[in-house]
Amino acid sequence: MQNNSNAGITAPLPVTTTSEAIPAISKAGPFSRGLEWPIVVFLGIVHVMAVALCIAFPSWNGFWLFLALYLVTGLGVTVGYHRKITHQSFRSPLWFEYVLSVLGMLAGEGPPIFWAAIHRQHHKHSDTEDDPHSPHDGFWWAHTLWMLPKIRRAELGRMYRACAPDLARNRFYMSLEGTYLYWHAGLALTLFLVGWAMGSWSTGMSFLAYGYFLRMVVVLHATWMVNSVSHKWGYRTYGTDDNSRNNAVVALFAHGEGWHNNHHHSPVAANHGHHWWEYDLSFLAILFVALLSRPLGWIGLKQWRPISDVRVYTPKTQKVQIWFRS
Ligand SMILES: [Zn+2]
Ligand SMILES: [Zn+2]
């Protein structure tokens, strides 16, 4: 591990900046313009099916599949969507960034550009009038309701250009905007067919119930808790301008994202846990891949290292250091 204690927060990484003028999603009478029905229907179906199918087709194999996909798609959100493409907390070749992004997309939280644009806006305007999801507007608004009002396409386009111009220029990410539901249908069908091939029709249904619907409900609420619970309950290590909190329960379910006050203090850092007791599975996963792939650099294949140049915040020095330099 290479650890440069003199390195400041200016790292040799593509730093993503956001425009000063970020258009906010209007919260003035948000439901007066109607509902964003595709999102309402999608979330409604996922919740109803999770309960109904898991009761109708209980299975231990389905449960293990649930655990595996909870881990994989959850890390897709925390490592891929959040720490990589939103904050550039480490360096990756594009192919690995795309793999992470597709895994994150299968968590059901929208396409990558949408997620990153909303989240960057949250950081810029945390707990103010322009925060898309602050508990100041109500716990349930911050948890789920904020994504249900009708979104005007023109507003969305403006937000993408202002908050995520780096991603909006990328053809692959733009292609995911239009193919989002096909990826989900493909995963659901695959899980059903694999279960059917391994056992019976009801095995296929249990794989669908646990691996797709129940897993998605748990990952969704774990992520949503970061926006609601971690801006309301927990301890504050840093005096940030917002109301962000460090919450161990959220960190447990959301793979380390619950150390949200730490994250608001140092958004670019790949580690959200700043102390040894602050369990951060996402950071451990990043370190694991960076460590395991480091020898590729020694044999002239450094462009194949999936993760390098990891930005790590050290509370003692209050600086971000670069580990695993490329
Ligand atoms: Zn926050
Ligand atoms: Zn963030």
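The values are calculated or read from the model by the stated rules, or taken from the named source; none is laboratory data. Small disclaimer: the values here were computed from a predicted structure and weren't measured. Cβ sites come from the backbone with ideal geometry, for glycine too, and all protein chains shown count toward neighbours.
Quick notes
- Flag if Ser206 is modelled with pLDDT of 95 or more, under 29 Å from Leu281 (Cα atoms) and in contact with a helix residue (DSSP H, G or I) (Cβ under 7 Å, 6 or more places away or on another chain): yes
- Selection from region 178-199 of residues that are at pLDDT 95 or above and either of a type in the set (Gly, Ala, Ser) or under 23 Å from Ile113 (Cα atoms) (or both): Thr179, Tyr180, Leu181, Tyr182, Trp183, His184, Ala185, Gly186, Leu187, Ala188, Gly195, Ala197
- Which numbered condition Ser326 fails, given (1) within 16 Å of ligand 1 (Cβ to nearest atom); (2) touching a strand residue (DSSP E or B) at 6+ places or on another chain (Cβ under 7 Å): (1)
- Some residue of region 170-191 being within 16 Å of ligand 2 (Cβ to nearest atom) and not in a helix (DSSP H, G or I): no
- Of the residues in region 211-234, not one is more than 14 Å from Thr73 (Cβ to Cβ), more than 16 Å from ligand 1 (Cβ to nearest atom) and of a type in the set (Ser, Thr, Tyr).
- Filter result (touching a residue at least 60 places away in the same chain (Cβ under 8 Å) and either of a type in the set (Phe, Trp, Tyr) or within 16 Å of ligand 1 (Cβ to nearest atom) (or both)) within region 43-79: Phe57, Phe63, Phe66, Tyr70, Val77, Thr78
- Among the residues making up region 90-126, those that are within 16 Å of ligand 1 (Cβ to nearest atom) and within 13 Å of the chain's Cα centre (by Cα) are Glu109, Trp115, Ala116, Ala117, Ile118, His119, Arg120.
- Counting only helices (runs of 4 or more DSSP H) that sit wholly inside region 237-326, those with at least 1 residues that are surrounded by 23 or more Cβ atoms within 10 Å (Cβ to Cβ) are 248-253, 260-265, 281-293.
- Subset of region 252-300 that is among the hydrophobic types (A, V, I, L, M, F, W, C) and within 14 Å of ligand 2 (Cβ to nearest atom) - its residue that is nearest to Leu69 (Cα to Cα): Ala254
- Restricting attention to region 230-244 and to residues that are of a type in the set (D, E, K, R) and more than 14 Å from ligand 2 (Cβ to nearest atom), the residue that is nearest to His136 (Cα to Cα) turns out to be Lys232.
- Considered as a group, the residues in region 111-136 that are modelled with pLDDT of 95 or more and of a type in the set (Gly, Ala, Ser) include one that is nearest to ligand 2 (Cβ to nearest atom), and that residue is Ala116.
- Within region 80-106, no residue that is outside any loop (DSSP other than H, G, I, E, B) and modelled with pLDDT of 95 or more sits with its Cβ atom under 6 Å from a residue that is away from ligand 2 (no atom under 16 Å from the Cβ) and among the basic types (Lys, Arg) at 6+ positions apart or across chains.
- Criterion violated by Phe213 - all others in (1) among the hydrophobic types (A, V, I, L, M, F, W, C); (2) under 17 Å from Phe42 (Cα atoms); (3) more than 22 Å from the chain's Cα centre (by Cα) satisfied: (3)
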